[in-house]
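Novice: Input: one structure, supplied below.
The values are calculated or read from the model by the stated rules, or taken from the named source; none is laboratory data. Keep in mind that this is a model prediction, so the values were computed, not measured. Virtual Cβ from ideal backbone geometry, glycine too; neighbours counted across all protein chains shown. To get the accessible areas, we keep the full protein, side chains included, count just its heavy atoms, and leave off ligands, DNA and RNA. Shrake-Rupley method; radii C 1.70, N 1.55, O 1.52, S 1.80 Å.
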Amino acid sequence: MHAEKTSHDFEPKIIAFVCTWCTYAGADLAGTSRMQYPSNVRVLKFPCTGRIDPVFILRAFQKGADGVLVSGCHPGDCHYMAGNFHARRRFAAFRALLGFVGVDLQRLQFSWVSAAEGGKWVEVVTELTERVRAMGPMTEFKSLETEEQWSGALTTPELREAFDSID
Amino acid sequence: MPLSITETNLRNLIDLLVQASKLVVGPKLSEAIVLYQPLTSGAELTLDSIPRRSAKELYFPVCEDILNFKKENGKVQVEDIDRSRFPETVLIGAPPCDAGSPAILDAVFSWDYHDDFYQERRKKSTIIGIACTKGDDACFCTAVGLAPDAQAGSDLFLTPLAGGSYACVAVTEKGTTLIEAHSSLFSEGPVGEVIPFLDQSTGKLDLPKIKAWLEGHFEDPLWEGIADICIGCGACAFICPACHCFDINDEGSPDSGARRKHWDACGFSKFTNHASGHNPRDIQNKRYRNRIMHKFKYYDDKFGKTLCTGCGRCIRVCPVGIDIAEILTTINSKSD
Amino acid sequence: MKTKAEKIRAASIDPAYYQAVTEAIRTQAVKLLTEETVVAVVGYFLGRRQGTAIPALVTTPEQAEKLIFSPACVNNLTLFLTKAKKGVLKKGRVAIIAKGCDMRALAGLMGESQVKREEIFTIGIACAGVFGSGADRTGNLSEANIARKCRECSVHLPEGADLLVGTLPELSELTPLEAEEMARIEALPQAERWAFWKEHFTRCIRCMACRQVCPFCYCEQCLCDKNRPQAVESSPRPAGNMAWHIVRAMHLAGRCGGCAECERVCPMDIPLNLLNRRMAQELKELYDYEASTTPQGKGPLARYQEDDDESFIK
């Protein structure tokens, strides 16, 4: 049974960085179980959350992600033993840094989703998607991309016209 | 007939120029430091300290797009930058060490390649220079042949007078045009007393002698002594009115982006890194030596000018206190 | 028992204190070089301009006689012991003049196996503080011209030095301006915090002085110089600048010693130390970690505990 797909004005782009062994498998389980969840999420598969460099999260936001999800194995279950332990500390620090710089942390979600937790995957993705949808597009980094140093900026045609019309 | 302008009228001039849609750039306070920035009103002009960066960004921006590209229907469209969109600019409040830099840089930007980006911006700018009464012990403009009241490079030159007004001299036609367009702001009549200039602590340098020494001392222990502490940042090159090295990078995504030209510095370790991996200037000694050589020998060889205006910014900003005026004085005093 | 004269809060630091430290350093340095205990001493010389000092790498007793210590001795000399300055100092034991803040960097580098403890002879300084960048250096050190970081210094008498020189004069309690600024920014709404940093990073020209002066930025290939793939744009536009500073602050998290050299050398006066301080604050809160003047082994992000905080993780 397919649920009615409501149409929205804004479809957020959610980038999910997930670990192969747990969350990716969990997401796969959600799929094979035919669980419905927002298709806004774009999944990037990593061997382990320990491989996820905070710069990837930053890059996702810079390149237009409205929300970012990072998900991996529960502590103690890491396929590589300690990858997610290191990741946990790293993400805690990075989160504080992003918050300090003025990024809305409601757009960034971390989770532990195991290979058996198809349902949890659906829950986490849906919650993040709807939350980010309500927040609207992330404009901070995108508008920053358009900014230039004053010395490299060009006049707009309107300004030029106004200038030319003055004798 | 000597001309003068009051401080109030100088600020009014800025307001008028802004209203006329010119880009007016002058020293402005930005979070506790003074930088050359676009002014939105005459009140923003700050003339009580030298801006942290030089005015070279007027023609040599910190970063500018030189072309845009977009992929559409499998084809890449390349769009050149419309040079007519460079704004008409008036720079106001540049001391001789900053106003003098285009006179030095014009040569290299029209040498083996006519750099349109530089040249078009130059054509569209007018410089109102101002004599400098705010120097400190890092300044050495007189040592390199300039002076606190040198008019070279300015279109209109102001000299601060006791009492708060400025004596004005039109140095070029652009200056004359500017005065004539706003003649009501200027007054004729005898000028007052000029505010005395600072005596600079670095003595006059014999630039030909220094150049000759550099010619004969490519390998000299002097370079190691200095470069051992140089940390290889780009601070000195970036804030210098005369340094003009740049890098070109393509940025964006595979679908759209821009090719950008932005400042680079010979102090960076990878500055001369070749695609093969060979790096001719692989240690800091060689890089710092190149800096001095370029400024006081190579540029003179090519264009007959010294690539330094003695503004002293590099001395103030160097993280390890390398003092180019001291180095030059040392070389100047060498007997061989 | 302190006399009344000693109890009076010094409005400015007496130059005699600096003279005494200078004498002690010279004596020590000459001794170490003459006896060949060390092959070089990393210290400070007088600069040409009033109130300035520059790093000096001395290798002979004659040169050592010119070493000084003054409020102008702002540089973190630890930088000259790192890979970035490889090949500059001769192989062998090296003595280094280090203030408390510098010693935290040195201890950090030892923890990361960049510097071997037995190859360094630390001459720690009982430090009253140094000049702030852009401050008036014509007079003595006082509240008017002291560096912001020195106002909250807790390592005036650093522990762990091979030798500690100087007798600390009476120091006044100074308002912790940096802590106040931190608190002010943290209290701002998110959009204003973004605007604050955006304004600062727009002024950045990517001179990389912050990176080059940092003892912990010793990577032979900086991530931000790579262009295949490119993590951070190299052009000095606000977007790239924002990314650069975020990445650098993250790479320093748990390592930065708080010497604030990055902030001092920035030609555009960007308050970079605030970022590092925020990270240090977070790591103290979460993992009870603080940079120290004695080596601690691995930093907090190179270790983990099974019960680390995960309140932010679903």
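Novice: Assuming R0 = 56 Å, can you tell me the calculated FRET efficiency for the pair B:ASP282 and B:SER184, based on Cβ-Cβ distance, to the nearest 0.05?
Specialist: About 0.35, to the nearest 0.05.
Novice: Summing -39500 (n - 2.57) over the DSSP H runs of n ≥ 4 in chain C and dividing by its residue number, what mean residue ellipticity at 222 nm do you reach, to the nearest 500 deg cm²/dmol?
Specialist: Value at 222 nm, helices only, nearest 500: -10000 deg cm²/dmol.
Novice: Kindly list the residues of the range C:158-172 that lie in the label zone of C:ASP288, defined by a backbone N under 20 Å from the point 7 Å along the Cα-to-C-beta vector.
Specialist: Answer for the range C:158-172: none.
Novice: At q = 0.14, 0.15 Å⁻¹, what log₁₀ I(q)/I(0) does a Debye calculation on the Cα points of chain B give, no solvent, two decimals?
Specialist: The computed values of log10 I(q)/I(0) come out as -1.18, -1.30.
Novice: For C:TYR44, which sequence-distant residues (separation of 5 or more, or a different chain) have an amide H within less than 5 Å of its own amide H, given hydrogens modelled in the peptide plane?
Specialist: C:ALA56, C:ILE68
Novice: List the residues of the range C:114-158 whose backbone N lies under 16 Å from a point placed 7 Å from the Cα of B:ASP48 along the Cα-to-Cβ direction.
Specialist: C:135-136
Novice: Springs between alpha-carbon pairs under 10 angstrom, Gaussian network model over chain C: which of C:GLY299, C:GLY139, C:GLY124 fluctuates most?
Specialist: C:GLY139
Novice: A further question follows. Once each part is reduced to its C-alpha centroid, what is the distance from the range C:28-83 to the range B:27-70 in angstrom?
Specialist: Value for the Cα centre distance between the two parts: 38 Å.
Novice: Tell me the mean residue ellipticity at 222 nm calculated for chain B from its helices only (DSSP H runs of n ≥ 4, each -39500 (n - 2.57), averaged over every residue, nearest 500). Could you put the intermediate results ahead of the total?
Specialist: Values: 12 runs with 90 residues, N = 336.
Only helices count here, giving -7000 deg cm²/dmol.
Novice: What's the average, rounded to a whole number, of partner chain beta-carbon atoms within 10 Å of each residue's beta-carbon in C:298-310?
Specialist: Mean inter-chain Cβ contacts per residue within 10 Å come to 4.
Novice: Moving on. Let's test the formula: R0 of 41 Å, r as the Cβ-Cβ distance of B:ASP206 and B:ALA162. What FRET efficiency results, to the nearest 0.05?
Specialist: Working from the Cβ atoms, E equals 0.75.
Novice: Taking the alpha-carbon distance from B:LYS70 and a cut-off under 20 Å, which lysines remain once sequence neighbours fewer than 8 residues away in the same chain are dropped?
Specialist: Cα-Cα hits under 20 Å: A:LYS63, A:LYS142, B:LYS261.
Novice: Which Cys residues of chain C have no other Cys beta carbon under 4.7 Å away?
Specialist: Within chain C, the cysteines lacking a partner Cβ under 4.7 Å are C:CYS73, C:CYS127, C:CYS150, C:CYS153, C:CYS204, C:CYS207, C:CYS219, C:CYS222, C:CYS224, C:CYS256, C:CYS266.
Novice: Could you tell me the distance between the Cα centroids of the range B:100-152 and the range B:201-222, to the nearest Å?
Specialist: What the calculation gives is 23 Å, centre to centre.
Novice: In addition: What do you reckon, how do B:ILE283, B:ILE66 stack up by accessible area (1.4 Å probe), largest on top? Write down the numbers at each step before the final one.
Specialist: Details: B:ILE283 80, B:ILE66 25 Å².
Sorted by accessible area, descending: B:ILE283, B:ILE66.
Novice: Would chain A count as rounded, prolate or oblate if I go by the C-alpha gyration tensor, calling it rounded below 1.5 in a/c and otherwise prolate when a/b exceeds b/c, oblate otherwise?
Specialist: Here chain A falls in the oblate category.
Novice: Which whole-number value in Å² is the accessible area per residue of the range B:28-168, probe 1.4 Å?
Specialist: 36
Novice: What does a probe at A:GLU11 reach in the range A:23-57, counting residues whose amide N is under 11 Å from the point 7 Å along Cα→Cβ?
Specialist: Only A:39-41 fall inside the zone, counting backbone N under 11 Å.
Novice: Follow-up question, since we're still on this one. Which ³J(HN,Hα) values in Hz, rounded to whole numbers, follow from the phi angles of the range C:174-185 under the Karplus curve 6.51 cos²θ - 1.76 cosθ + 1.60, where θ = phi - 60° and Gly and Pro get x?
Specialist: Each residue's phi maps through the Karplus curve to give 10, 5, x, 4, 5, 4, 5, 5, 4, 4, 5, 5 Hz.
Novice: Which order do you get for B:PHE69, B:PHE117 if you rank them by accessible area with a 1.4 Å probe, largest at the top? Don't skip to the end; give the middle numbers.
Specialist: Working: B:PHE69 45, B:PHE117 15 Å².
Heavy-atom accessible area, descending, gives B:PHE69, B:PHE117.
Novice: B:HIS114 accessible area, nearest 10 Å², 1.4 Å probe?
Specialist: Looks like 100 Å² after rounding.
Novice: Could you tally the net charge around B:CYS311, taking each other residue with its Cβ under 14 Å from the Cβ of B:CYS311, Lys/Arg +1 and Asp/Glu -1?
Specialist: +3
Novice: Given charges of +1 on the Cβ of Lys and Arg and -1 on the Cβ of Asp and Glu, with all other atoms neutral, how large is the dipole of chain A about its Cα centre, in debye to the nearest 20?
Specialist: Dipole about the Cα centre, nearest 20: 1020 debye.
Novice: In addition: With unit charges on the beta carbons (Lys and Arg positive, Asp and Glu negative) and the dipole taken about the Cα centre of chain C, which residue among C:ALA29, C:GLN221, C:CYS101 sits farthest to the positive side?
Specialist: Toward the positive end, the furthest listed residue is C:GLN221.
Novice: To continue, here is another question. Need one number: % antiparallel among DSSP beta bridges in the range C:1-158, to the nearest 5. Each step should come with its number before you reach the end.
Specialist: On the way: 8 of 16 bridges.
Of those bridges, close to 50 percent are antiparallel.
Novice: For the range B:115-208, just the Cα set please: Rg and Dmax, both in angstrom.
Specialist: 15.8, 46
Novice: Gaussian network model of chain A, Cα springs within a sub-10 Å range: biggest mean-square fluctuation belongs to which of A:GLN62, A:GLN109, A:GLN149?
Specialist: A:GLN149
Novice: Right, another one. How large is ³J(HN,Hα) for each residue in the range A:40-48, as worked out from phi by the Karplus curve 6.51 cos²θ - 1.76 cosθ + 1.60 (θ = phi - 60°), to whole Hz, x for Gly and Pro?
Specialist: With the stated coefficients, the range A:40-48 comes to 6, 7, 10, 9, 10, 9, 10, x, 7 Hz.
Novice: Longer than 32 Å from Cα to Cα, which of A:LYS13/B:LYS28; B:LYS71/B:LYS302; B:LYS134/C:LYS149; B:LYS22/C:LYS226; B:LYS204/B:LYS286 are they? Say none if no pair is.
Specialist: A:LYS13/B:LYS28; B:LYS71/B:LYS302; B:LYS22/C:LYS226
Novice: Okay, moving on. Quick test of your reading: applying the under-4.7 Å Cβ rule, which cysteines of chain B are isolated?
Specialist: B:CYS63, B:CYS132, B:CYS139, B:CYS141, B:CYS168, B:CYS230, B:CYS233, B:CYS245, B:CYS266, B:CYS308, B:CYS318
Novice: A further question follows. Which whole-number percentage describes the relative contact order of the range B:68-164, with Cα contacts under 8 Å and a sequence gap of 6 or more?
Specialist: 32 percent.
Novice: Among DSSP beta bridges lying fully in chain C, give the percent that are antiparallel, nearest 5. It would help to have the intermediate numbers written out before the result.
Specialist: Values: 8 of 19 bridges.
In chain C, DSSP labels about 40 percent of beta bridges as antiparallel.
Novice: Continuing with this model, one more query. Once phi is turned into θ = phi - 60°, what whole-Hz ³J(HN,Hα) does the Karplus curve with 6.51, -1.76 and 1.60 give for every residue of the range A:102-117, x standing for Gly and Pro?
Specialist: Per-residue couplings from phi come out as x, 8, 6, 5, 5, 8, 10, 10, 10, 8, 10, 10, 8, 4, 8, 9 Hz.
Novice: Mind giving me the FRET efficiency for C:ASP309 and B:ASN12? R0 is 60 Å, r the Cβ-Cβ distance, nearest 0.05 is fine.
Specialist: 0.50
Novice: Hey, another quick one. Need the C-alpha centroid separation for the range A:16-39 versus the range B:2-21, integer Å.
Specialist: 66
Novice: Specify whether the C-alpha gyration tensor of the range C:196-314 places it in the rounded, prolate or oblate class, a ≥ b ≥ c being the square roots of the eigenvalues: rounded for a/c under 1.5, otherwise prolate if a/b is larger than b/c and oblate if not.
Specialist: Prolate is the answer for the range C:196-314, as a/c is 1.5 or above and a/b outweighs b/c.
Novice: Sequence neighbours fewer than 8 away in the same chain don't count; with that in mind, list the aspartates and glutamates whose C-alpha is under 14 Å from B:LYS174.
Specialist: B:GLU88, B:ASP155
Novice: Could you work out the relative contact order of the range A:1-132, using alpha carbon pairs under 8 angstrom and six or more residues apart, expressed as a whole percent? Each step should come with its number before you reach the end.
Specialist: Values: 218 pairs, mean separation 48.3, N = 132.
The normalised contact order for the range A:1-132 reaches 37 percent.
Novice: Can you check what the Kirkwood hydrodynamic radius comes to for the range B:152-255, Cα pairs only, in Å to one decimal?
Specialist: Value: 19.8 Å, from the Cα pair sum.
Novice: Which residues' amide hydrogens lie under 5 Å from the amide hydrogen of B:CYS245, considering only partners 5 or more residues apart or on another chain, with H built in the peptide plane?
Specialist: B:ASP264
Novice: Can you give the local net charge around B:CYS63? Use residues other than it whose beta-carbon is closer than 12 angstrom to its beta-carbon, Lys and Arg +1, Asp and Glu -1.
Specialist: Residues close to B:CYS63 contribute a combined charge of -4.
Novice: Oh, and also: Evaluate the charge dipole of the protein assembly as shown about its Cα centre and quote only its size in Debye, nearest 20, assuming +1 on the Cβ of each Lys and Arg and -1 on the Cβ of each Asp and Glu. Display every interim value, and only then the final one.
Specialist: On the way: 95 positive and 104 negative charges, 359 e Å.
That gives the protein assembly as shown a dipole magnitude of about 1720 debye.
Novice: For B:224-236, what's the mean count of beta carbons from other chains sitting within 10 Å of each residue's beta carbon?
Specialist: 6
Novice: Of A:MET35, A:TRP150, A:MET81, whose Cα points farthest to the positive end of the dipole of chain A (charges on the beta-carbon: +1 Lys, Arg; -1 Asp, Glu; origin at the Cα centre)?
Specialist: My answer, from the dipole projection, is A:MET81.
Novice: How big is the Cα convex hull of the protein assembly as shown in projection, averaged over all directions, in nm²?
Specialist: That works out to 41.0 nm².
Novice: Less than 19 Å apart at the alpha-carbon level, and either on another chain or at least 8 residues along: which aspartates and glutamates does that give for C:LYS66?
Specialist: B:GLU224, B:ASP228, B:ASP323, B:GLU326, C:GLU23, C:GLU35, C:GLU36
Novice: So how many Å³ per residue does the convex hull of the Cα atoms of the range C:1-148 work out to?
Specialist: Per residue, the Cα convex hull of the range C:1-148 comes to 137 Å³.
Novice: Positive end of the charge dipole of the range B:1-78 (Lys, Arg +1 and Asp, Glu -1 on Cβ, about the Cα centre): tell me which of B:ILE14, B:SER4, B:VAL62 has its Cα farthest that way.
Specialist: B:VAL62
Novice: Please average, across the residues of A:67-78, the number of beta carbons from any other chain that are within 10 Å of each residue's own beta carbon, and give a whole number.
Specialist: Mean partner shielding for this stretch: 1.
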